[in-house]
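All remarks here apply to the structure that follows.
Laboratory data are not the source of any read-out in this text; all were calculated from the coordinates shown. Small disclaimer: the values here were computed from a predicted structure and weren't measured. For neighbour counting, all protein chains shown are included, and Cβ atoms are generated from backbone atoms with ideal geometry for every residue, glycine included.
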Amino acid sequence: MEVFTSVKSLRQFLDQQVLQQKTIGLVPTMGALHEGHISLIDAAKRDNDIVICSVFVNPTQFNNPEDLAKYPRTLAEDSIMLETAGCSAVFAPSVEEMYPEQPVLKINFGELETVMEGASRPGHFNGVGIVVSKLFNIVKPHRAYFGQKDLQQVSVVSQLVTDLAFGLELIICPTVREEDGLAMSSRNRRLNAEERAIAPHIYRILAAAGEDLRGGKKVYEVIAWAKGQFENIKEFTLDYFEVINIKSLLSVEHIGPPGSNAICVATFLGPVRLIDNIIF
Ligand code: AMP
């Protein structure tokens, strides 16, 4: 498995593959890989001849400098995991390679970015939109793989593909969890032992809220109960807990048919901000 750090060398490799009519799957990541990422690689391997995994901690999508500075960077371990998983090549550019010039383009996703992550992290989806567009233009994949764990990112990227006619297929993969229910995340590495022991409450509360909604409880009652649960555990500082329509991402007062709603949560656990969601 080759690790490319320049656009030029990656393109030379990919041009050869295209000449041989190979199909290309792209898995964009920020590294510090875990089984969740590997599930995307597995899906990409099933559908494509060649799988490219990008590993790039994209500074333009961080609105919090401390979060960017402390984001785990583990390229050596990541490369071993990717090679074992059967990934064809890694694209791990430097910041200067990705951004020879600071981009001036601003992408506005309208209502999609006024809620949840967009509201809490100003500029985040502009940064995501720019880096994902660059990766799509550099790699020119037939398919690109994203995780449901970042539900709002999926909506934003899907809008990008439609509005800018990227001509690729988006494949959305389910959230991979630890045995105790905690959604796998690179940021879990930053939790201390005490925080890690508390972290599974996030999914416990999500799952219980989902059950209650399915059982007919009112949305506002379930939200109040869930917020109370987070307040009871002092290590949590809840950012949002919302029941939304999966298409518009807007909050709903009543739930729709199966598959049309999600419960989304973002909370600080100590200094670490974690997100999770379930679709129901
Ligand atoms: P990240 O490196 O956190 O930017 O994530 C890269 C990709 O992996 C994104 O599409 C994420 O949604 C996806 N991902 C992250 N965590 C998980 C998980 N636990 N299960 C499935 N996909 C995930």
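A few remarks follow.
- Around the Cα centre of the chain, unit charges on the Cβ atoms of Lys, Arg, Asp and Glu (plus for the first two, minus for the last two) sum to a dipole of about 240 debye.
- Once backbone amide H atoms are built at 1.01 Å from N, Glu169 has Arg143, Ala144 as its partners under 5 Å, excluding neighbours fewer than 5 places away on the same chain.
- Kirkwood Rh and Cα Rg combined as Rg over Rh, evaluated for the chain: 0.97
- Ignoring aspartates and glutamates fewer than eight residues from Lys227 along the same chain, the ones with Cα atoms less than 18 angstrom from its Cα are Glu117, Glu211, Asp212, Glu235, Asp239, Glu242, Glu253, Asp276.
- Convex hull of alpha carbon positions in segment 135-242: directionally averaged projected area 9.1 nm².
- Hydrodynamic radius of segment 24-170 per Kirkwood, over alpha carbon pairs, in Å: 15.7
- Options Gln61, Thr74, Val161, ranked by Cα towards positive dipole end of segment 2-173, top entry (Cβ charges): Val161
- Dimensionless Rg over Rh [segment 63-107; C-alpha; Kirkwood]: 1.08
- When the pairs Lys106/Lys134; Lys106/Lys149; Lys45/Lys140; Lys70/Lys149 are compared against a 23 Å limit on Cα-Cα distance, Lys106/Lys149 fall above it.
- Note on Lys247: aspartates and glutamates with a C-alpha under 15 Å away, same-chain residues under 8 apart excluded, are Glu111, Glu113, Asp150.
- When you restrict to C-alpha pairs under 8 Å that are six or more residues apart and normalise by the size of the chain, the relative contact order lands at 17 percent.
- The ranking of Cys173, Cys53 by Cβ neighbour count inside 10 Å, starting from the fewest, reads Cys173, Cys53.
- Computed helical MRE - 222 nm, the chain, DSSP H runs ≥ 4 contributing -39500 (n - 2.57), nearest 500: -12000 deg cm²/dmol
- 5 angstrom amide H check on Phe56, placed H, neighbours 5+ away: Thr29, Met30, Gly31
- A straight line joining the Cα centroids of segment 215-257 and segment 17-82 runs 31 Å.
- Pairs of Cα atoms farther than 14 Å apart, segment 102-187, %: 67
- Prolate/oblate/rounded call for segment 186-279, Cα gyration tensor, a/c under 1.5 rounded: prolate
- ³J(HN,Hα), Karplus 6.51/-1.76/1.60, whole Hz, each residue of segment 237-242, x for Gly, Pro: 10, 6, 8, 8, 9, 10
- Cα-Cα pairs of segment 233-280 separated by more than 18 Å (percent): 35
- Taking amide hydrogens as placed 1.01 Å from N in the peptide plane, the amide H of Val3 sits under 5 Å from those of Val90, each at least 5 positions away in sequence or on another chain.
- Ellipsoid equivalent to segment 1-80 - semi-axes via the Cα gyration tensor, in Å: 26, 15, 11
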